[in-house]
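Reviewing the structure listed below.
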Amino acid sequence: MLQPITIHDKQFSLYIPERRIQHSVEVVAARISHDYRCKQPLFLAVLNGSFMFASDLMKEMSIPCEISFIKLSSYADMKSTGKVKEIMGLNQEIEGRHVVIVEDIVDTGNTIAGLLPQLREKGVASVEVATMLIKPECLEHNLSIKYPAISVPGEFVVGYGLDYNGLGRNLRDIYKVM
Ligand SMILES: O=P(O)(O)OC[C@H]1O[C@H](OP(=O)(O)OP(=O)(O)O)[C@H](O)[C@@H]1O
Ligand SMILES: Nc1nc2[nH]cnc2c(=O)[nH]1
């Protein structure tokens with residue numbers, strides 16, 4: 001077995017290797033490229049965690065598309081505070097646009113459940129969600145996540161943009177807590 005890695009006070013084992021991540025990104029990008037072929041989608045990537053997925057997803061898109069980055073934060077340490085935050089940094093006109101929210105992970109769904117009504121209020125033509133990871137057993141909202149790349153169980157994960165108290169975002173693979 002591969003050696004675990006240590007981040008702060010916790011050990012993590014390899015969970016999803018880079019090549020599986022890249023393959024899943026290609027599959028999601030192909031689906032979105034097909035579904036939005038006449039729509040010039042606007043990706044709204046939720047910082048910080050989505051930066052790596054957003055970058056790889058954009059590189060695999062085969063149709064004209066735009067991207068903008070927004071900031072929200074609801075997590076401290078390893079537990080959800082459950083609070084919904086307002087959108088910061090949205091300097092793009094989104095009325096009438098076909099928006100695809102880009103996330104690194106949908107866990108409880110609090111972030112997406114808080115974001116969707118705010119975007120609809122701004123008059124988007126449509127809004128869907130693309131996420132690298134989804135934890136179906138942790139979802140606390142009735143959400144339809146159209147473009148999930150990989151489903152994972154409830155354990156805490158790091159890597160590929162996801163952090164544990166600031167560290168681990170640079171890892172090319174995804175690791176789970178031991
Ligand atoms: O479905 P939920 O339970 O709402 O969890 C998902 C959210 O948690 C993480 O963000 P976080 O607030 O940790 O900020 P970060 O992206 O800057 O790490 C992740 O990037 C999602 O936005
Ligand atoms: N790093 C990290 N952030 C999260 N945000 C919501 N769930 C998770 C998780 O499993 N890992």
**Report entry** Matching residues in the stretch 100-126 - criterion: being surrounded by fewer than 22 Cβ atoms within 10 Å (Cβ to Cβ), more than 9 Å from ligand 1 (Cβ to nearest atom) and not acidic (Asp, Glu)
**Finding:** 116, 117, 118, 119, 120, 122, 123, 124, 125, 126
Query - Count - residues of the stretch 146-172 that are more than 13 Å from ligand 2 (Cβ to nearest atom) and crowded, with 18+ Cβ neighbours inside 10 Å - result: 3
Query raised in the report: Any idea which of 43, 53 is in contact with a strand residue (DSSP E or B) (Cβ under 6 Å, 6 or more places away or on another chain) and under 21 Å from residue 159 (Cβ atoms)?
Result: 53
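Residue by residue, here is whether (1) at pLDDT 95 or above; (2) outside any loop (DSSP other than H, G, I, E, B); (3) under 23 Å from residue 167 (Cβ atoms) holds:
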residue	(1), (2), (3)
12	yes, yes, yes
15	yes, yes, yes
23	yes, yes, no
33	yes, yes, no
46	yes, yes, yes
58	yes, yes, no
62	yes, no, no
Query raised in the report: Does at least one position in the stretch 128-145 carry a residue that is in contact (Cβ under 8 Å) with a residue 12 or more places away in the chain, at positive phi and either within 16 Å of the chain's Cα centre (by Cα) or within 14 Å of ligand 2 (Cβ to nearest atom) (or both)?
Result: no
Query raised in the report: Could you count how many residues in the stretch 112-144 are out of contact with any strand residue (DSSP E or B) (no Cβ under 7 Å at 6 or more places or on another chain) and either closer than 22 Å to residue 65 by Cβ or not in a loop (DSSP other than H, G, I, E, B) (or both)?
Result: 10
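The values are calculated or read from the model by the stated rules, or taken from the named source; none is laboratory data. Given the structure is predicted, the values throughout are model-derived calculations rather than measurements. Ideal geometry is used to build each Cβ from the backbone, glycine not excepted, and the neighbour counts take in all protein chains shown.
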